[in-house]
Every structure is written in structure tokens, then in C-alpha cells.
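*Asks:* Supplied in C-alpha cells, the structure appears directly below.
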Amino acid sequence: MNRFVSLALAALASLLLSHAATAAEELNLFAWSEYVPQSVLDDFTKETKIQVNYESYASNEEMLAKLTSGAASYDLIQPSEYIIEAMAKEKLLVPLDHAKLPNLKNIGKEYWGQPHDPKLTYSVPYMQGTVGIAVNTEKIKTPVTGYVDVFTAKNKGRIVVLDDSLEVVTWAMATQGHGPADVTKANIEMTRPVLLQWLPLVKVYDSDSPKTALLNGDVDVGVIWSGEAAILIQEQGKKFAYVLPKEGAHMFIDSLAIPKGAEHVDTAHKFINYILRPEVSKKISEEFPYTNPNVEARKLLSPEERANAASYPPGNPKLETFRDIGPLAADVDKLFTDVKAKSGS
Amino acid sequence: MTLVRRIFATWTGFVFVFFYLPIVILVLFSFNQSKLNIVWTGFTFEWYAALWHDTVLIRTLKNSLIVATATTAVSVVLGTAGAWLLHRYRYRASGTLETLVFLPMIVPEVILGVSLLILFVTIGLKLGYTTIVISHVTFCFPFVMAAVQARLAGLDPALEEAALDLGATPLQAFTKVLVPYLMPAIVSGALMSFTLSLDELIVTYFTASAGTRTLPLEIFGRVKKGLDPSLNAISTVFIGVTVLAVFLTEMLRRRNP
Amino acid sequence: MRQEATSFSAAVGGSQRSPGRAGWLLLAPLIFWAVAFVVAPAVIMLVYSFLSRGTLGGVVLDFTLDNYRGVVDPVYLQIVVRSLIYAGITTVLCLVAGYPVAYLIGRADPRWRNLLLMAVMVPFWTSFLIRTYAWVTILKSEGLLNSILLQLQLIAEPLPMLYTPGAVVLGLVYTFLPFMILPIYSSVEKLDGALVEAALDLGAGPLRAFSRVIVPLTSPGIAAGVLLVFVPSLGIYAINDILGGGRVDMIGNIIENQVKGNARNQPFGAALGTTLLVSFAIIYWFVNRRQRATFS
């Protein structure tokens, strides 16, 4: 009888142990498609023996769709700031255990107190960036300081913009004196005439790789992600300049967060802490030259990287993060679709 | 008559140039030194060397091959059985059934993907190999079925009767007479199935999971960052392998008519 | 004995039996598949189309007809019309360009037939994304075509070929041409050689021979090709995105936008999807009936 019990216990124990072992072996990372270098993942696996399954998405909404469908379980996601706000409201994020994240102290002071997650309860900043104007200075000699300088008749058919309704409408709102915190049905509709003037001048809409059109010479100016512009400057030097529009620019903070229903919460914390190491963060910056929120990592960057105006914009530009606008996202999209259809072919 | 033939032949020549121009470009650029794949800067084999070490790409390639093989196997069974049953028996529902079977072939992949994802979520089936194979089979097996149906239409019923008369059991008649007759159609359907599954992107996007990434999904993710020549390299390898396979099968076919 | 045509290919012979229990049992897997993976997802999508969008883009159980009101909204109808036009042009071009190729291969020496078919298929064993991006390399301002034209001094400045509606049509035709060639080839191959020779020999001239005899005889293949090109090209979103510079939005883009894009409105995507699905089903059933009528 005793032997039977001890055998059963041993079996149970080995079962639990093996389950625990397999449970720690994997990490399901769901992140932007151009944001986590493979070498960083490989080094993590080498160090911890944990296999990282990296699935990517090209937009926050894509991530939400997959996540809310409940079909797959992810341990880490990489939402932008306004999505974190929305998800936290819906209780879709697991609060982080800061005790497990000693490297959190490396994050700059300016990233605490942001409206979407003031105490970094749910998210840890991964990369920060801006959306601004990239200019081919060899083709455009006149100074470009704001959206109004981009969308002129002179630049007709030579402009690339992000294929993002929220971005474009927010820019239009900025030229009318409204910021991302003032999104209302009325303000959205007010941008219609602005968009009707702007969109016929656009040649390419591209959120994935807008630098391509600029490099190809198909366009001369664009409103694009700062990381893309930084690569342009890295590749072609003085030819390209990056300007933050004076009417107001979007500052986005992409962060790591743990969605509700994650299977490997501890491993997720381990990964976040690993990313927060200055040497690891520096590696990420080298491949994706956005603004690194990790001040210790910034110290490790080369002088050229620190001097890149797209990665680390000088001066005191007018920057604002996006807020969660809930159902108004549908109105924004409808307006954009409508004007785009009337302006295209 | 020959004039018509000549005009058609010239036209076909143009069409083939049209087909192969991008292929030639992409093969050429797989040897391009510049990472950004936009201008030609020099000749190199480095992207092919990089493929060897690219564990992620190789893993997704393996996944794609597993999925394509499973899809083709299931599609061949379902498609052939379906075609033969509909040919043999007079079902009242055959018209409706056919419409249902052939619908996924023509429905845009976005809709197929979305509706299948919703289905899997509703019944609680976790995304992975099973779901990908199911979704692929759903639009691949109609091709097998259509090919076999076309071939069956030309079947002389006396053939089967003769086999049965000569003492074969129905099963033997099926396997020794019917299946060999249907083989060309089955092979062409299987080829179509394999090809479609291997290159499938959109439906797979909705029904795959992080651990079962296929090659097109991986390419899609990388292409967003900028077209890396190693993607050209893997495509070139693909083409090379398939052209080789085609040549070999042709050689074999000519040896054993 | 009553004969029933089974599909585009006519059923030949009278050995069609009434299915006994064995017949139905063997058919069960097929029925299960059709019900589980075609009917069920369609029904679920139908249900979703009557629900409301959740705050994060999922669905909540609030019955509404708003999604269908959205389907007929002029904003989206203009895109439906545009998609129909592009799909139509693509189909016509594929038919015109593909028929001669299919005919040639179908009537070619059997020794070459297989090789020619493979030659048609081989480009499609590469990722369609990479093929499409290869066209970007060819068509862009500093691309292959422009470089050649400039070298030959045929033009003074680069032609804007990329990011135009023309580029989108090119990409669509490139992608769907094999889907037109293969079914037509299949029909051509089954043509009775003597019939074709007769048509062309009897002094009517190739044009009349083709239009009166050959093309009608290959109509099953043409019908199949048209369906296989027109319908899927209505739902594409990647090709026009890449080659059209994101300016040429089609129905596929709208649906994608609702599910994966900024709009976060899955029920609306479901409504659009259901509408398209029902339309396709009707078109397919109609074409199928006409084919069966012609051949029974």
C-alpha cells in the first residue's frame, strides 16, 4: 500500500515537473514585424534555453484582432501607447511585477507620467519614435517646416505618407489647431476639406516601408516613421533631412506588455528584464534606429547614431501621444477611405 | 492554318517573356551585393550562404513543406473519392454539394481566412498545423476533384464492366483499373494543390499560430522591412529545385511511356 | 435511363446508379467537410454580420442592421464598383492574352505539351509577394524598364509606371493568367482534331472558324477560367497595395481594414464578406446550371 502511494506520488511529481519544464521552454512573442532583431532572440535562447516563437503583425489593430479572437495565446505583445490605454481599460493586460524587473531603472524619467500608463503598471517602453517629414534635399530646396509645406501643388505626385487613417487625420487636425486629445466627431469631419486638398497630391501610401519610395526616387518628400527616416540618413547621409512639423507631431511609445491569458508570465518578465539590459537595448537600436527610452543604452551608442536627427531630434518640438478614441476609429477610417477613393483612381 | 499557328506561337512567346521577366530579375538580384535590393551594386554569393544559417527561414520552409504535403495527401483522397462517388452514384444533392465544394476555390482569400478563423475560435480549436491544413485542404481539394471529374467524364463504362466480368472484385477494379486511368488527373490536381498550399499567404495568416509559421508568412513579415536579397535567394533555390524536378520527371516519363 | 450532368464536364454513359446506404456512407466525409468548413464558417460570418463591434474591435451580442446599411453606403459602393471594373478588365485581358497560349499548348505535339504547361506553372512556384516586388524593381522610376527606355533614347524622362492603375492591372493579369490558361487548355485538349481541321479547312477563314466553332466548343474551359479569374481578383488586396502605392483601394482592402486595420469593425467586415459570398454562390450556381443545361 505504501509502495503504491509512493509510486503514485513519484509519478505525479515527475508529471508535474515535466509539465513545468515544458512550460518554461517557450515564449510566444507577438510583436511588430520589424522590431525585434533575431540576434537578440537567439542570444536570449542561448542564455536561458527558452525557445522564442516570434509572430509578427503590421498594425496594432491586426494584433488586437488576433488577440481578441482568442484563437492563439501570446505571452508578450508590443502595443502602441493608445492601444495600451484601451486594453488597460478593458482589463486585457496583466499588471507587471516591478520586483521582477530590476532593470526598469534604466528607462528615462520622461517616460513615466505619460497619460496612457503613468506608473508603468502594464507596460515597459520598448522604443519611442515620432512621425515626421523626411525630405530629399537634393530635389526640394525650399525650407520645409510643417505639413502645409509638404502638401503643396509643387509636390503633386511626389509625396509618400503612411497608410494609416488615424495618423493622416490627426495631422490634418493639427493644422486646424486640434491635438490628438481632441478627437471628436465634429473635429474629424472638419478635416474633410483639408484631406480633399492633400490626398490627391499623394503618390504612395505605405506604412510598412515608406523609405523605399524615397530611396527609389519615386517621391521627394514624405511623412513617415522616424526610424525609417533614420535609416535614410544612415544610408544616404546629407541627402535626406528629417523635420518635425511645427503644427505638432505624433510621438509614439511602443511598449512590451503581457496580455491576459498568457501562459508563461514569469518567462515574459524574464524577457522584459533582458530587453532592458543596456547592451541588449543597444543592439535593438542599431537595427532599428528609433529613439531608445533606455538612457543607459543611449550612452553605449556611437556618436553618429546619437547625432542622427531622426532618431534623436534636436530642440524642443511639439510632440503628443495618441489617445484611445474608441468607436470614433471607425469614423476616422470611413472618412479616410472615402477621401482616398475620391482622390485616387 | 499555319498562319494562325504562327501568330499564336509568337504571341505565346511574348507571354512567356512576360511571365519570366520578374523571375529573371529576382534571380539576378539574389546575387546583388546591396542589402536594400534597389540598385545593383555588385555580385555576391553571400545571401545563399546566409540562407544556410538562417534557422528561422529553414524552420518555416520545413513547416510549409509539411503543411503542403499533408494538404495534398488529404486533398487527393477527398477529391478523388468525391469525384468518383459523384460520377458513380446519382445523388439528389449533387448540385448543391458541388457548389459548396467549389465555392472556396473562388471566394476571395480574405473572406475565407476570416470565416475560418471565426469558426475555429467558436469551436475552440487551437491554431496550429491542424487548422492550417484544414484551411488549405478546403480550397485545394476542389482542384483535385475538378481534374478527376473531367477525366472521369471521358471514362468508358465498359472498361469497369469488363474488369468485373473478368473476375476482379470491385476493390480490385477500382485500384487496378480506375486509379491508373485517373492517375494523370490525380497528379495534376495534386501538383496544383501542392503549389497553392506552398505559396498560400492570406488564409494562412488568419489560421496559423506563432509556432507554425509558414514560409510565405515569414517572407511577408520580412518584406515589410525591405526586400532582403536572401528572400530572392530562397525563391531562386525554389525555382531551381522545381525546374530540376520537372526535368527529371519528364526524362523518366519519356523513358517509360 | 435518365442521365444527369455532374459539372462542367458532362457525365457520359448510363452507369450512374442510385446510391444505396454504402453510397451515402462513402460520401459522408465529403458532406462533413462541406458542412464543417464551408457552411459553418459562412453561417458564423452571417451571424457576426448582425452583431455590433466591441470596444476593441471584437463582437458583442447586440443585434443590428447597421453593418448592412454600411455595405450599401456610397462611400463603400464606389469601391465595390471600382473593384468590379478592375476585375472585369483583368478577366478580359487574361482571356484575350491567355486563349492563344492555351490553344497552342492544347493542340501542340504531345511531346511538348507537358513541358509547355510546366513552363507556365514554374513562375508560380515562387512566392507571389516576391514576384510582385520584382515588378516594382522593373517598373519604378529608376527601374529596369525606364533605364532601358532612357538608354534607347525613346523617352527623355522616366515614365511614371509604378503606383498607377496600369501597374495594378499588370500585376493582376500576371497573377491570374495561369488560372485562365489551364482550364481553357483542358477544354482545347479534348477537342476533336478532325472537327477543328474541318472548321479551318472549309474555306470559312480562321476568324469565323474560331468564333463559330472552336471558341464555342471550348466554352466550358472559358467559363471556368472566367470564374477563376474574375471572382478571386475581386478580393485581392496585396497586389494593388504594392503596385498601386496603396492608392487603389478595393473591396479586399476594406474587408482587411475592418478586421486587421484601423477600423476595428469585425461585424462590418463580416457583412461585406457575407454579401460577397452570397453573390459568388449565386453566380457560380447560375453558371453551373447553364453549363449543365448546355451539355445534358
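*Asks:* Quick check on region B:13-29. Is at least one of its residues crowded, with 18+ Cβ neighbours inside 10 Å, touching a residue at least 60 places away in the same chain (Cβ under 8 Å) and either in contact with a Lys or Arg (Cβ under 9 Å, 6 or more places away or on another chain) or within 25 Å of B:Phe174 (Cβ to Cβ) (or both)?
*Replies:* yes
*Asks:* Further, regarding this structure: Taking the criterion of being touching a Ser or Thr at 6+ places or on another chain (Cβ under 8 Å), surrounded by fewer than 22 Cβ atoms within 10 Å (Cβ to Cβ), more than 7 Å from every other protein chain (Cβ to nearest Cβ) and assigned to a helix (DSSP H, G or I), would at least one residue in region C:234-241 satisfy it?
*Replies:* Yes, that holds for at least one residue.
*Asks:* Are any residues in region B:15-33 at the interface with chain C (Cβ under 9 Å from one of its Cβ atoms) and farther than 13 Å from C:Trp135 by Cα, and if so, which ones?
*Replies:* Within region B:15-33, B:Val15, B:Phe16 qualify.
*Asks:* Next up: Of (1) more than 14 Å from C:Ser83 (Cα to Cα); (2) in the same structural domain as C:Ala87 (by TED's automatic domain parsing); (3) of a type in the set (Gly, Ala, Ser), C:Gly235 satisfies all except one. Which?
*Replies:* Evaluating C:Gly235 over (1) more than 14 Å from C:Ser83 (Cα to Cα); (2) in the same structural domain as C:Ala87 (by TED's automatic domain parsing); (3) of a type in the set (Gly, Ala, Ser) leaves (1) as the failure.
*Asks:* Another question, then. Filter region C:141-192 down to residues that are polar (S, T, N, Q), assigned to a loop (DSSP other than H, G, I, E, B) and at pLDDT 85 or above, then give me how many there are. Walk me through it before giving the result.
*Replies:* Step one: filter region C:141-192 for residues polar (S, T, N, Q), giving C:141, C:146-147, C:151, C:153, C:164, C:175, C:186-187.
Now restrict to residues that are assigned to a loop (DSSP other than H, G, I, E, B): C:141, C:153, C:164.
Going one step further and asking which of them are at pLDDT 85 or above, we end up with C:164.
Selection size over region C:141-192: 1.
*Asks:* Would you say B:Leu155 is at the interface with chain C (Cβ under 10 Å from one of its Cβ atoms) and either over 21 Å from B:Ala70 (Cβ atoms) or not in a helix (DSSP H, G or I) (or both)? Steps first, answer last, please.
*Replies:* On the way: at the interface with chain C (Cβ under 10 Å from one of its Cβ atoms): yes; either over 21 Å from B:Ala70 (Cβ atoms) or not in a helix (DSSP H, G or I) (or both): yes.
Taking the combined requirement at face value, the residue satisfies it.
*Asks:* Quick one: what pairs do we get from region B:172-192, first residue over 30 Å from C:Met121 (Cα atoms), second part of a helix (DSSP H, G or I), C-beta under 7 Å, 6+ apart or different chains?
*Replies:* Between residues of region B:172-192 that are over 30 Å from C:Met121 (Cα atoms) and residues that are part of a helix (DSSP H, G or I), the close pairs are B:Ala173/B:Glu160; B:Ala173/B:Ala163; B:Ala173/B:Leu164.
*Asks:* Follow-up. Just name the residue that is surrounded by the fewest Cβ atoms within 10 Å (Cβ to Cβ) out of those in region A:299-325 that are among the basic types (Lys, Arg) and within 22 Å of A:Val169 (Cβ to Cβ).
*Replies:* First pass over region A:299-325, keeping only residues among the basic types (Lys, Arg): A:299, A:306, A:318, A:323.
Narrowing the set further to residues that are within 22 Å of A:Val169 (Cβ to Cβ) leaves A:318, A:323.
Working: A:Lys318: 13, A:Arg323: 17.
Top of the filtered list is A:Lys318.
*Asks:* Kindly evaluate A:His269 against the criterion of being in contact (Cβ under 8 Å) with a residue 60 or more places away in the chain and not in a helix (DSSP H, G or I).
*Replies:* On the way: in contact (Cβ under 8 Å) with a residue 60 or more places away in the chain: yes; not in a helix (DSSP H, G or I): no.
Taking the combined requirement at face value, the residue does not satisfy it.
*Asks:* If you go through region C:282-289 one residue at a time, do you hit one that is farther than 16 Å from B:Pro104 by Cα and of a type in the set (S, T, N, Q)?
*Replies:* no
*Asks:* Right, next: Which of the helices (runs of 4 or more DSSP H) found entirely inside region A:130-202 contain at least 3 residues meeting this: at pLDDT 90 or above and within 14 Å of chain C (Cβ to nearest Cβ)? Steps first, please.
*Replies:* Values: elements: A:147-150, A:165-175, A:185-190, A:192-198.
Per the criteria, A:165-175, A:192-198.
*Asks:* Filter region A:222-281 down to the residues that are touching an Asp or Glu at 6+ places or on another chain (Cβ under 8 Å) and at positive phi and list them by number.
*Replies:* Of everything in region A:222-281, just one residue is touching an Asp or Glu at 6+ places or on another chain (Cβ under 8 Å) and at positive phi, namely A:Gly248.
*Asks:* Continuing with the same structure: Go over the candidates C:Val287, C:Val229, C:Val196 one by one and state the one that is touching a Cys at 6+ places or on another chain (Cβ under 6 Å), over 30 Å from A:Pro210 (Cβ atoms), in contact (Cβ under 8 Å) with a residue 40 or more places away in the chain and within 11 Å of another protein chain (Cβ to nearest Cβ).
*Replies:* On the way: C:Val287 fails: touching a Cys at 6+ places or on another chain (Cβ under 6 Å); C:Val196 fails: touching a Cys at 6+ places or on another chain (Cβ under 6 Å).
Answer to the selection: C:Val229.
*Asks:* Are any residues in region C:154-185 farther than 27 Å from A:Thr212 by Cα and facing another protein chain (nearest Cβ under 9 Å), and if so, which ones?
*Replies:* Step one: filter region C:154-185 for residues farther than 27 Å from A:Thr212 by Cα, giving C:177-185.
Scanning region C:154-185 gives C:Leu177, C:Pro178, C:Ile181, C:Leu182, C:Pro183.
*Asks:* Given the criterion over 25 Å from C:Arg289 (Cβ atoms), more than 10 Å from chain C (Cβ to nearest Cβ) and not in a helix (DSSP H, G or I), identify the matching residue among B:Leu178, B:Leu164, B:Leu125.
*Replies:* Working: B:Leu178 fails: not in a helix (DSSP H, G or I); B:Leu164 fails: not in a helix (DSSP H, G or I).
Only one candidate qualifies: B:Leu125.
*Asks:* Given A:Gly261, A:Gly217, which one is touching a Ser or Thr at 6+ places or on another chain (Cβ under 8 Å) and farther than 25 Å from A:Phe30 by Cα?
*Replies:* Exactly one of A:Gly261, A:Gly217 is touching a Ser or Thr at 6+ places or on another chain (Cβ under 8 Å) and farther than 25 Å from A:Phe30 by Cα, namely A:Gly217.
*Asks:* Could you check, for region B:219-227, whether at least one of its residues is under 23 Å from A:Asp208 (Cα atoms), modelled with pLDDT of 80 or more and within 13 Å of chain A (Cβ to nearest Cβ)?
*Replies:* Within region B:219-227, the first condition is being under 23 Å from A:Asp208 (Cα atoms), and the residues that meet it are B:219-227.
Imposing the further condition that a residue be modelled with pLDDT of 80 or more reduces the set to B:219.
Checking which are within 13 Å of chain A (Cβ to nearest Cβ) leaves us with B:219.
Checked region B:219-227: at least one residue is under 23 Å from A:Asp208 (Cα atoms), modelled with pLDDT of 80 or more and within 13 Å of chain A (Cβ to nearest Cβ).
*Asks:* Can you name the residue in region C:52-96 that is within 11 Å of another protein chain (Cβ to nearest Cβ) and in a loop (DSSP other than H, G, I, E, B) and, of all such residues, is modelled with the highest pLDDT?
*Replies:* C:Asp73
*Asks:* Can you pull out the helices (runs of 4 or more DSSP H) entirely within region B:9-107 that have at least 3 residues that are under 25 Å from B:Phe220 (Cβ atoms) and at pLDDT 80 or above? Walk me through it before giving the result.
*Replies:* Details: elements: B:46-53, B:55-88, B:94-106.
Here the list reads B:46-53, B:55-88.
*Asks:* Turning to a different aspect of this structure: Give the number of residues within region B:39-92 that are among the small types (Gly, Ala, Ser), touching a residue at least 24 places away in the same chain (Cβ under 8 Å), over 17 Å from B:Phe238 (Cα atoms) and within 11 Å of chain C (Cβ to nearest Cβ).
*Replies:* First, the residues of region B:39-92 that are among the small types (Gly, Ala, Ser): B:42, B:49-50, B:64, B:68, B:70, B:73, B:75, B:79, B:81-83.
From what is left, the residues that are touching a residue at least 24 places away in the same chain (Cβ under 8 Å) are B:50, B:64, B:68, B:70, B:75, B:79, B:82-83.
Those left that are additionally over 17 Å from B:Phe238 (Cα atoms): B:70, B:75, B:79, B:82-83.
Filter again for within 11 Å of chain C (Cβ to nearest Cβ), leaving B:75, B:79, B:82-83.
Within region B:39-92, residues that are among the small types (Gly, Ala, Ser), touching a residue at least 24 places away in the same chain (Cβ under 8 Å), over 17 Å from B:Phe238 (Cα atoms) and within 11 Å of chain C (Cβ to nearest Cβ) number 4.
*Asks:* For region A:299-343, give me the residue count where each residue is out of contact with any strand residue (DSSP E or B) (no Cβ under 9 Å at 6 or more places or on another chain) and either in contact (Cβ under 8 Å) with a residue 12 or more places away in the chain or not hydrophobic (A, V, I, L, M, F, W, C) (or both).
*Replies:* Start the filter on region A:299-343 by keeping residues that are out of contact with any strand residue (DSSP E or B) (no Cβ under 9 Å at 6 or more places or on another chain), which leaves A:299-307, A:314-316, A:323-326, A:328-329, A:331-339, A:341-342.
From the residues that got through so far, the ones that are either in contact (Cβ under 8 Å) with a residue 12 or more places away in the chain or not hydrophobic (A, V, I, L, M, F, W, C) (or both) too are A:299-306, A:314-316, A:323-326, A:328-329, A:331-339, A:342.
Qualifying residue count, region A:299-343: 27.
*Asks:* Does any residue of region A:326-342 turn out to be basic (Lys, Arg), within 14 Å of another protein chain (Cβ to nearest Cβ) and either part of a loop (DSSP other than H, G, I, E, B) or crowded, with 18+ Cβ neighbours inside 10 Å (or both)?
*Replies:* Applying the first criterion (basic (Lys, Arg)) to region A:326-342 yields A:334, A:340, A:342.
Of the ones still in play, those that are also within 14 Å of another protein chain (Cβ to nearest Cβ) are A:334, A:340, A:342.
Narrowing further to those that are either part of a loop (DSSP other than H, G, I, E, B) or crowded, with 18+ Cβ neighbours inside 10 Å (or both): A:334, A:340.
Checked against the condition, which is being basic (Lys, Arg), within 14 Å of another protein chain (Cβ to nearest Cβ) and either part of a loop (DSSP other than H, G, I, E, B) or crowded, with 18+ Cβ neighbours inside 10 Å (or both), region A:326-342 yields at least one hit.
*Asks:* While we're here: Out of A:Glu235, A:Glu296, A:Glu279, A:Glu247, I need the residue that is outside the structural domain of A:Ala86 (by TED's automatic domain parsing), surrounded by fewer than 20 Cβ atoms within 10 Å (Cβ to Cβ) and at pLDDT 90 or above. Which one?
*Replies:* Numbers: A:Glu235 fails: at pLDDT 90 or above; A:Glu296 fails: outside the structural domain of A:Ala86 (by TED's automatic domain parsing); A:Glu279 fails: outside the structural domain of A:Ala86 (by TED's automatic domain parsing).
Within the list A:Glu235, A:Glu296, A:Glu279, A:Glu247, the selection yields A:Glu247.
*Asks:* If you don't mind, there's one more thing I want to ask. Do you know which residues across region C:97-119 are assigned to a helix (DSSP H, G or I) and more than 7 Å from chain B (Cβ to nearest Cβ)?
*Replies:* Residues of region C:97-119 assigned to a helix (DSSP H, G or I): C:97-106, C:110-119.
Those that are assigned to a helix (DSSP H, G or I) and more than 7 Å from chain B (Cβ to nearest Cβ): C:Gly98, C:Tyr99, C:Ala102, C:Ile105, C:Gly106, C:Pro110, C:Arg111, C:Trp112, C:Arg113, C:Leu116, C:Leu117.
*Asks:* Determine which member of the set C:Gly221, C:Gly245 is within 11 Å of chain B (Cβ to nearest Cβ) and either buried (at least 24 other Cβ atoms within 10 Å of the Cβ) or modelled with pLDDT of 80 or more (or both). Reasoning before the result, please.
*Replies:* Working: C:Gly245 fails: within 11 Å of chain B (Cβ to nearest Cβ).
The conditions single out C:Gly221.
The values are calculated or read from the model by the stated rules, or taken from the named source; none is laboratory data. Since the model is a prediction, treat every value here as computed from it, not as a measurement. Ideal geometry is used to build each Cβ from the backbone, glycine not excepted, and the neighbour counts take in all protein chains shown.
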